[in-house]
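First comes the structure, then the notes that go with it.
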Amino acid sequence: MDMDHQRDTIIEQLEKLNKKVSRQNSVGFIFMTGIIYGVGFVIGSAVIATIALGLLLPYFSDIPWVASTFARGSTIMHR
């Protein structure tokens, strides 16, 4: 009796696993996962770029063509 119960439990678990794997291999699931990872990558990259530019901007402002470009952009923004 105990062996039959174990066998039934194993079969039930395998059927659940089979359903889960087939869901994860569906086109819609893969598409949504790609969208979520893509959005996360863009947001993470923007945060890292903002931090990096904030830390490195004082060093960039010492470069003459960067300083003149920032000054030109600032005058355009203030119009």
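The angle between the Cα long axis of helix 64-77 and the main principal axis of the chain comes to about 90°, on a 0 to 90 degree scale. Spatially, region 24-50 and region 55-75 are offset by 33 Å when compared through their Cα centroids. Full extension of the segment from L17 to S45, taken as 0.36 nm per residue of separation minus the current Cα-Cα distance, would add 6.6 nm.
Which label belongs to the value computed from this structure, given these candidates for mean projected area of the Cα convex hull in nm²: (i) 5.7; (ii) 10.6; (iii) 5.4? Derived directly from the coordinates: (ii). May I ask for the angle, rounded to the nearest 10°, between helix 2-24 and the longest principal axis of the chain, with both axes built from Cα atoms and the value confined to 0 to 90°? Between the helix axis and the principal axis of the chain, the angle is about 30 degrees. Given their separation in residues at 0.36 nm each and the Cα-Cα distance between them, I63 and D4 gain 13.5 nm when the chain is fully extended.
Rounded to the nearest 500, what is the 222 nm mean residue ellipticity of the chain from helices alone, with -39500 (n - 2.57) per DSSP H run of 4+ residues and division by all residues?
Mean residue ellipticity at 222 nm (helix-derived): -31500 deg cm²/dmol.
Values in this text are rule-based calculations from the coordinates and carry no lab data. This is a predicted model, so every value here is computed, not measured.
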